[in-house]
1. Got a number for residues in the range 209-219 being more than 17 Å from S147 (Cα to Cα) and part of a strand (DSSP E or B)?
2. Scan the range 120-128 and tell me whether some residue there is touching a Ser or Thr at 6+ places or on another chain (Cβ under 8 Å) and modelled with pLDDT of 95 or more.
3. Can you name every residue in the range 58-80 that is closer than 20 Å to S147 by Cβ, hydrophobic (A, V, I, L, M, F, W, C) and assigned to a loop (DSSP other than H, G, I, E, B)?
4. For a quick check of your reading: which strands (runs of 3 or more DSSP E) sit entirely within the range 81-147 and have at least 1 residues that are closer than 26 Å to A216 by Cα and of a type outside the set (A, V, I, L, M)?
5. Quick one: which of R109, R54 is at pLDDT 95 or above, touching a strand residue (DSSP E or B) at 6+ places or on another chain (Cβ under 9 Å) and not β-branched (V, I, T)?
6. Would you mind telling me which numbered condition in (1) surrounded by fewer than 21 Cβ atoms within 10 Å (Cβ to Cβ); (2) touching a residue at least 24 places away in the same chain (Cβ under 8 Å); (3) within 24 Å of the chain's Cα centre (by Cα) Y149 fails?
7. Of everything in the range 171-199 that's in contact with an Asp or Glu (Cβ under 8 Å, 6 or more places away or on another chain) and basic (K, R), which residue is modelled with the highest pLDDT?
8. I'd like the full set of residues that are surrounded by fewer than 17 Cβ atoms within 10 Å (Cβ to Cβ) and either over 13 Å from the mean Cα position of the chain (by Cα) or small (G, A, S) (or both), limited to the range 75-93.
Amino acid sequence: MASRSPRVAAVPVLVLAVLALAGACDSPSPAPPVGPPSEDPAGATSPSQSTIVRSGDGPVVVGPAPEDLREVEWAEVPTPGEFCGVPELLRFGSGSEVKAASTTWGTVRVFRSERFEYGDTDGDRRDEAAVYVACRDTVTMNAQITSGYVVYARVGDDLAVLGSITPRRKDGAYPTQLTSVEFAPGRIIVHEKWFRPNDAHCCPSGDATTVWLREADRLTPGTTRVTS
């Protein structure tokens with residue numbers, strides 16, 4: 001009898017193995033575990049970024065618009081990072097700076113001012129809004145790569161981005177700075193400070209103005225005039 005016991009004991013083991021295999025074929029595969037969201041802006045879209053969605057050839061719509069843009073809760077409004085080579089909308093929340101992945105400069109820090117400038121460009125007696133933005137590196141933590149103004153407008157019932165204003169006068173070793181904007185019918189006048197070849201990093205000595213034209217719901221750069 002002792003010689004037959006291994007064969008008897010092997011039968012239930014074989015049956016259990018077959019049943020387990022059959023159950024695995026009939027059961028859905030478990031989903032992979034969900035890890036924490038990536039903090040690397042070069043990876044998947046983070047909570048501070050969202051994909052830009054355009055409607056045809058029109059401006060980028062970022063939400064509903066009140067009658068007066070001064071009533072917008074700007075902390076909740078995303079800002080395009082295109083001026084810095086970032087293809088997503090950036091969400092700042094209560095802060096003024098976020099990290100993002102630039103297709104030109106790699107990981108960057110994008111700053112958005114808390115101060116908005118207002119003025120009417122299309123004669124509808126409702127102001128547009130412009131906010132200063134800057135693109136900075138993550139190595140020296142203070143070197144500015146480029147800057148701009150993002151311009152918002154009320155288009156229908158939507159809050160939309162007309163475009164990003166960027167420096168036009170370029171000379172010297174350092175990027176041109178934008179210092180202020182003026183609104184006028186059909187245009188926005190932008191004041192620039194540019195570096196001559198011998199200027200120190202702190203002190204650009206050149207002055208220029210560029211007139212950006214509003215054509216329907218888009219902005220296009222016009223003539224740049226060097227004033228000093």
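The values are calculated or read from the model by the stated rules, or taken from the named source; none is laboratory data. Predicted model, so just to flag it, every value in this text is computed and none were measured. Counting neighbours? That spans all protein chains shown, and the Cβs are built from the backbone with ideal geometry, glycine included.
1. Step one: list which residues in the range 209-219 are more than 17 Å from S147 (Cα to Cα), which gives 213-218.
Restricting the remaining residues to those that are part of a strand (DSSP E or B) gives 213-215, 218.
Here the count works out to 4.
2. Keep residues of the range 120-128 that are touching a Ser or Thr at 6+ places or on another chain (Cβ under 8 Å), which gives 128.
Then keep just the ones that are modelled with pLDDT of 95 or more; that gives 128.
Yes; the residues of the range 120-128 include at least one that is touching a Ser or Thr at 6+ places or on another chain (Cβ under 8 Å) and modelled with pLDDT of 95 or more.
3. Applying the first criterion (closer than 20 Å to S147 by Cβ) to the range 58-80 yields 60, 74, 77-80.
Then keep just the ones that are hydrophobic (A, V, I, L, M, F, W, C); that gives 60, 74, 77.
Scanning the range 58-80 gives a single hit, V77.
4. Details: elements: 88-90, 97-102, 106-119, 128-136.
The strands (runs of 3 or more DSSP E) meeting that bar are 88-90, 106-119, 128-136.
5. On the way: R54 fails: at pLDDT 95 or above.
On inspection, the qualifying residue turns out to be R109.
6. All conditions pass for Y149, except number (1).
7. Checked the range 171-199; the qualifying residue modelled with the highest pLDDT is K193.
8. Step one: of the range 75-93, the residues surrounded by fewer than 17 Cβ atoms within 10 Å (Cβ to Cβ) are 75-76, 87, 93.
Result: A75, E76, G93.
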